[in-house]
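Rule-based calculations on the coordinates, nothing more; no lab input. This one's a predicted model, so the numbers in the text were calculated from it and none came from an experiment. As a convention, Cβ positions derive from the backbone with ideal geometry for all residues, glycine included, and neighbour counts pool all protein chains shown.
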Amino acid sequence: MDDGRVMASVQLKQLNKTYPGGVQAVREVDLKIPDGEFVVLVGPSGCGKSTTLRMIAGLEDITSGEIEIGDRLVNNVAPGQRDIAMVFQNYALYPHMSVYQNMAFGLKMRRTPKHEIQERVARAAQILSIEDLMKRRPRELSGGQRQRVALGRAIVRDPQVFLFDEPLSNLDAKLRVQMRAEISSLHQRLKTTMIYVTHDQVEAMTLGDRIVLMNGGVIQQVDSPLDIYNRPVNRFVGTFIGSPAMNLISGDVRSGKFYVGGASSTNGSGPKGQGVLELDSDIPDGPVKVGVRPEDLVTEPTKLALPPVPLEVVEHMGHETMVHFDLAGERHIARLPADAKVSAGDQLALSIRPDGFHVFAADDSGHRLN
Ligand SMILES: Nc1ncnc2c1ncn2[C@@H]1O[C@H](COP(=O)(O)OP(=O)(O)OP(=O)(O)O)[C@@H](O)[C@H]1O
Ligand SMILES: [Mg+2]
């Protein structure tokens with residue numbers, strides 16, 4: 001390339017990790033990350049995100065499978081030779097060194113010529129707007145400034161791939177939002193491949209070109225943030241992404257109709273006071289969970305109208321109104337406009353937006369049926 005920068009795709013093939021104690025942390029992970037993409041690995045605690053990242057970095061042995069960085073199989077390549085830079089949650093700056101020395105340290109160890117070190121550190125400092133801090137020690141910095149230095153330390157390496165493991169989780173909420181934006185603009189500037197691990201679904205939605213959602217060591221879905229949000233492939237994905245979480249309405253499908261709360265006790269008309277919704281798609285008879293996001297419950301009638309429900313709790317948030325209600329013995333939440341004229345105890349007829357109607361299998365697979 002013109003400016004001498006080499007970027008790299010990263011490919012994981014049938015990657016498995018079983019720890020010595022027998023924990024199967026990563027199972028059959030297949031993933032191709034093209035050059036320059038920002039990919040976020042997200043999922044609940046213990047789902048195998050860090051293990052996956054550490055295997056890419058070479059910090060953890062792989063049990064089976066292959067990892068390629070660029071066109072190179074790196075299974076047996078030492079971490080220092082993989083041309084990656086990693087930023088951790090505990091950024092562990094050297095306390096006795098200045099910011100400059102912290103950023104220069106790795107290059108010095110690699111016997112990079114002094115003038116080149118100076119140039120690279122200056123460039124990274126400029127990108128991160130920390131030029132004024134170069135003489136300070138880490139203890140003289142705020143949390144956000146320290147995190148910027150840790151980023152700087154990675155940037156000066158000019159790696160083919162950046163790996164981030166929850167780099168913002170030690171920061172307070174406000175700083176996290178600010179640093180999130182900085183990492184995003186860093187990617188826009190450098191256009192280097194980035195793999196970012198978080199259990200925060202908001203970080204995943206806002207940072208990723210693509211999201212890789214994991215659970216129990218297994219990839220559940222790989223998609224753009226909006227596709228993950230709008231078309232989750234299973235119940236787990238549907239309820240993991242989004243806050244408040246997607247509501248799940250239990251019921252049965254019988255001959256193209258959905259019976260809220262189940263069809264069992266009656267001759268097909270549904271238990272009294274509960275809803276029967278006409279479905280467009282061909283879903284086999286059986287128990288299902290219908291997923292509906294809080295914002296897809298609306299007061300304007302649609303063809304998917306629920307029976308009137310009493311409102312248990314009404315929360316006026318200023319920019320929106322959250323209402324909690326019971327339907328067939330299950331608690332759900334609707335997100336209504338700020339000016340919704342509702343109070344606790346009111347009876348409210350809610351409808352489901354047709355494109356916000358997700359039908360999932362009721363069994364453990366929870367896979368999408370519509
Ligand atoms: N060194 C280890 N030895 C044995 N088991 C481990 C080791 N490290 C992690 N595990 C287990 O492997 C599984 C995956 O752990 P991992 O650290 O990859 O999860 P994670 O998705 O990064 O979670 P978190 O969001 O909490 O950081 C967990 O069940 C964990 O207990
Ligand atoms: Mg982790």
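From its DSSP helices (H runs of at least four residues, each -39,500 (n - 2.57)), the chain gives a residue-normalised ellipticity at 222 nm of -7000 deg cm²/dmol. What do you get for the angle between helix 114-127 and the principal long axis of the chain? Use alpha-carbon atoms, 0 to 90 degrees, nearest ten. That helix lies at roughly 30 degrees to the long axis. Measure up Lys257/Lys303; Lys257/Lys341; Lys32/Lys191 against 22 Å on the Cα-Cα distance and list the ones that go over. Table pairs above 22 Å Cα-Cα are Lys257/Lys341. Here the stretch 189-203 and the stretch 38-97 have alpha carbon centers that stand 13 Å from each other. Protection proxy ranking for 186-195, 310-319, 114-123, using the average of other Cβ atoms within 10 Å per residue and placing the highest first: 186-195, 114-123, 310-319. Close amide H partners of Gly291, meaning residues 5 or more places away or on another chain with modelled amide H under 5 Å apart, are Ile249, His358, Val359, Phe360. Set the Cα radius of gyration of the stretch 230-360 against 2.2 N^0.38 Å, with N its number of residues, and you get 1.02.
Computed over neighbours whose Cβ is under 11 Å from that of Gly80, the net charge equals +2, Lys and Arg +1, Asp and Glu -1. Close amide-amide hydrogen proximity is noted between Gly262 and Asp252, each under 5 Å apart and 5 or more residues distant or on a separate chain (H modeled in the peptide plane; Pro and chain starts excluded). Applied to the stretch 159-174, the Karplus parametrisation 6.51 cos²θ - 1.76 cosθ + 1.60 on θ = phi - 60° returns per-residue 3J(HN,Hα) values of x, 6, 9, 9, 10, 10, 10, 6, x, 9, 6, 8, 9, 6, 4, 5 Hz, with x for Gly and Pro.
In the elastic network of the chain, a GNM with C-alpha springs shorter than 10 Å, the most mobile of Glu68, Glu60, Glu300 is Glu300. A dipole drawn for the stretch 76-206 from +1 and -1 charges on Cβ atoms has a positive end, and of Ala204, Tyr94, Ile127 the residue lying farthest that way is Tyr94. Within a Cβ distance under 15 Å of Ser255, other residues only, what is the Lys/Arg minus Asp/Glu net charge? Neighbourhood net charge equals -3. According to the calculation over all Cα-Cα pairs in the chain, the P(r) per 20 Å bin from zero is 25, 45, 25, 5, 0 %.
In plain terms, the chain from Thr299 to Arg136 could stretch by 52.9 nm, reckoned as 0.36 nm per residue minus the Cα-Cα distance.
Taking a straight line from the alpha carbon of Lys17, these aspartates and glutamates sit under 20 Å away, with near neighbours fewer than eight places off in the same chain left out: Glu28, Asp30, Glu60, Asp61, Glu66, Glu68, Asp165. Distance between the modelled labels on Phe105 and Arg72, one decimal in nanometres: 2.5 nm (7 Å Cα→Cβ projection). One equal scatterer on each Cα of the stretch 39-134, no solvent, Debye formula: the resulting log10 I(q)/I(0) at q = 0.10, 0.17, 0.21, 0.25 Å⁻¹ is -0.39, -0.96, -1.14, -1.27.
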